[in-house]
Amino acid sequence: MQHIRPLSVIVFLWVALSGLCSCVGTVEDKNPETTKGSSAPITPFNFEGIFDAVAISPEKVEVFFYPASGSPTDLTYVVNYDGSPLPSTFPAATLRPDYRGLLKATIANLTINTFYTFSVQVKNSIGSISSNTLTQTVRTFSNVTCDFPAISRIGNLSGEEGRNALRIDWPEARREGSEFVKKPIDPDQYEIVALDSGSLTPAAFDDEFFGEPQRKVKIIDGKKISHQLNGLQPGTEYFVRVRCIHYDFNQNGSDVGYKREQNSEYLVGETFSDDLSSIDVDLTDFDVSPANGAAGLNAFDVSWDPAEGAFSEYRIYYRNINDSDGPLPWSSFKASKNDVCNGEEPSNPGWFCKKVNFSESSVVLADLDSLADFEVVGVICLTNDCSNGNFLEYVSNSPYRTFPGLSSFGGITSIDLSTSLFDLSTVYLNFTPPDLNSGASDGLLVEAKARAPLVDDSFLNHPTEPNITNLSFESFDYTQDTTVAVSGLDVGGDPYCFTLLPFIFDSTEVSGIKISREGEIVRCVTLAFEPPLSSEFSGINVPSSFLDTSTNSATIVWDTPSGGQYDRFIVFVKLDGTPGPFNFADATNSLSPNYNDYVKIDAGYGVNSYFLGFLPEGNYQIGVLTYFGLIDEYSEFNNNLLNFDTTLP
């Protein structure tokens, strides 16, 4: 917050001023046609009209007048001057009184070395206008000057410099030449004048009788648009004005009639005081939080409301509260803290100090003990040694814990069955790795939910507890992998349910780890064997199979199943001379009395045909099913059988 105040309004009685006016032009009781305002109805106003008109350059004139009675939001000032087809208007709310109580309107785009007669009227929002007739006549400069607006800003400096300096800013004056080829109008220098408002008024800006510390003058290079004005008094209010000195003025310094621009604009600024009460800061705005992600286990992000005023530095003091041999609390320690802030305090080991530049408003405290509680205190030091009575404390809500929370984790996204026909007892838990930028994590626990014969949920990979299930898991990298394999499941029966949970090691927990169940997701799977249906595997492709009676051989052909699980094909042959028709129920059931009427041939996996040789003069029937040896299961029976009679020619 800058210590800059609006100009004080000094109210002058008109009767007292009537004999004190010093005008460049003459006051006349006339109002030429060219200077009359609008044709709105004339209404009596408490407004005397123009007070003064002062040329400040070859094309600008400053017109002064006292405020009219009435609300500024309802009034507009109308400046008339000869040669202008339309008057210039200035809403009253946009003008501010100077130290004399006068308002000022700047008229630009005038002609060099030309006389102008000005008058000022005031009108309200309904169009009524004042009837005053005072005028002022003034001549613009006869030589070029800088085209320069005026000072634009005064700012305070942070830290100790704010006691004895102000930052002065201004817009660059118009430049027509270059650094190497300068034009007469180009800014060559800027003049800054600062007056102690406690002893001088702006009337003394050009009074060389006064010197420092009451009046300070500084000439600045024309390339600059900002300057730190040093050598000021602490806690002092200053009037500050900036004027531009053009190139040709410095070339014509011996000509007393040659002028430079003479704007009268000024601002008010105040340097910071020496005492604590001058520090502008919200001492309740002090935040300590674990750093983002896993770094938060060993680091704090500390931030605070930046102080404004004259001070030297910030200091952050901190200690581990959980240390049984730890130092005294801040309330007892602060009076004996070291003058120098540089790591561990020699007078009270266990306390640490971090020095922060006055321009900063945040810092990181690193290399801290994880999962520990800390007392953290922020201090504003007015002096380099931060001695007692020369510092302010932010409000601390200690203790602060080095625990950023466990990483956010989306849990199991899906469960896939084994893709291996020879290991149906394995499933794959799919997941997206934890977001390590959101918190800390030392791993993921695989938890199997209760399922007979287990009555409790059980961890398969708890770092300090044994796995009491018959399930096992395959090691995985929780930061890189996206799948963990779990084996030992039984086919059929109740579903198996699982969850994945992030954890960190924590010696304060009974189990030695801290687990997060926030957003826990449980997913289940049932291992059910599904052999091919007859619609998915129809058996022998009769048209494609080939019977050769000349060699008593046959090539049996079938199509690959479109679904279901199996690990081989079985070819069944019903022997010659056995009773009854071909029946898969007899061929696949070892308890059937007709079971031995069939020969079973393992054709293997991944094949689509099989060659058979037969004895002559026999009648055989042939069929094919899929088979899964792990659970002794065939595909659904089909009706595509092949008869082969070797007695036929």
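What number comes out for accessible area per residue over the chain if the probe is 1.4 Å? Units Å², please.
Values: 31340 Å² over 649 residues.
On a per-residue basis, the chain sits at 48 Å².
Listed by chain and number, the lysines whose C-alpha is less than 17 Å from the C-alpha of residue 354, apart from same-chain residues fewer than 8 away, are 334, 337.
Keeping every protein chain in place, order 317, 116 by accessible area at 1.4 Å, biggest value first, i.e. largest first.
Details: 317 0, 116 20 Å².
Of 317, 116, the descending order of accessible area is 116, 317.
Computed from phi, the 3J(HN,Hα) profile of the stretch 189-204 under the Karplus parametrisation 6.51, -1.76, 1.60 (θ = phi - 60°) reads 8, 10, 10, 10, 10, 10, 10, 5, 5, x, 10, 9, 10, x, 5, 9 Hz, with x in place of Gly and Pro.
Return the loop-located trypsin sites (Lys or Arg not before Pro) in the stretch 126-213 (DSSP other than H, G, I, E, B) with at most 13 other Cβ atoms within 10 Å of their own Cβ; answer none if there are none.
Here no loop site has a sparse enough neighbourhood.
May I ask you to compute the full-extension gain from residue 282 to residue 494, defined as 0.36 nm times their residue separation minus their alpha-carbon distance, rounded to one decimal in nm?
Working: separation 212, 0.36 × 212 = 76.32 nm, distance 6.25 nm.
Extending this stretch completely gives an extra 70.1 nm.
Net charge around residue 596, counting only other residues with Cβ within less than 12 Å of its Cβ (Lys, Arg = +1; Asp, Glu = -1)? In short, 0. Considering only 324, 348, 371, the residue lying farthest towards the positive end of the dipole of the stretch 320-373 is 348, judged by Cα position with unit charges set on Cβ. A simple spin-label model places the labels of residue 388 and residue 470 7.5 nm from each other, with each point 7 Å out along Cα-to-Cβ.
Relative to one another, the C-alpha centroids of the stretch 211-264 and the stretch 445-504 are positioned 81 Å apart.
Heavy-atom accessible area for residue 274, with the other protein chains in place and a 1.4 Å probe, reaches approximately 90 Å². Cross-link partners for residue 183 among the lysines, with Cα-Cα distance under 26 Å and sequence neighbours closer than 8 places in the same chain left out: 60, 218, 223, 224, 259. Lysines near residue 514 by alpha-carbon distance under 28 Å, same-chain residues fewer than 8 away left out - which ones? Straight-distance partners of residue 514: 449.
Projecting the Cα atoms of 111, 264, 198 onto the charge dipole of the chain (Cβ charges, centred on the Cα centre) puts 111 farthest toward the positive pole.
Starting from the Cα gyration tensor of the chain, multiply each eigenvalue by 5, take the square root, and state the resulting semi-axes largest first in whole Å. Spell out each step's value before the answer.
Working: eigenvalues 1957, 310, 93 Å².
Semi-axes, largest first: 99, 39, 22 Å.
Starting from the 7 Å offset along Cα-to-Cβ, what nm value, one decimal, do you get for the label separation of residue 417 and residue 435? So the two model labels end up 3.5 nm from each other. How many angstrom lie between the Cα centre of the stretch 125-166 and the Cα centre of the stretch 289-326? Measuring centre to centre over Cα atoms gives 47 Å.
Once the Cα-Cα distance is subtracted from the 0.36 nm per residue extended length, the residue 230 to residue 180 segment shows a gain of 15.0 nm.
Give me the net charge of residue 521's neighbourhood, meaning all other residues with Cβ under 13 Å from the Cβ of residue 521; Lys, Arg count +1, Asp, Glu -1.
0
Computed from label points 7 Å out along Cα-Cβ, the spacing between residue 373 and residue 208 is 7.2 nm. Nonpolar atom fraction for the chain, defined as the carbon and sulfur part of the 1.4 Å probe accessible area, stands at 50 percent. Each Lys and Arg contributes +1 and each Asp and Glu -1, all at the Cβ; summed about the Cα centre of the stretch 497-649, the dipole is approximately 140 debye. For the chain, which span is the longest to avoid every loop-located (per DSSP) member of GluC sites (Glu not before Pro) having at most 13 other Cβ atoms inside 10 Å? Result for the longest clean stretch: 1-175.
The values are calculated or read from the model by the stated rules, or taken from the named source; none is laboratory data. Computed from a predicted structure; not experimentally measured. Ideal geometry is used to build each Cβ from the backbone, glycine not excepted, and the neighbour counts take in all protein chains shown. When the accessible area is computed, the model is the full protein with side chains, heavy atoms only, and any ligands, DNA or RNA have been set aside. Shrake-Rupley method; radii C 1.70, N 1.55, O 1.52, S 1.80 Å.
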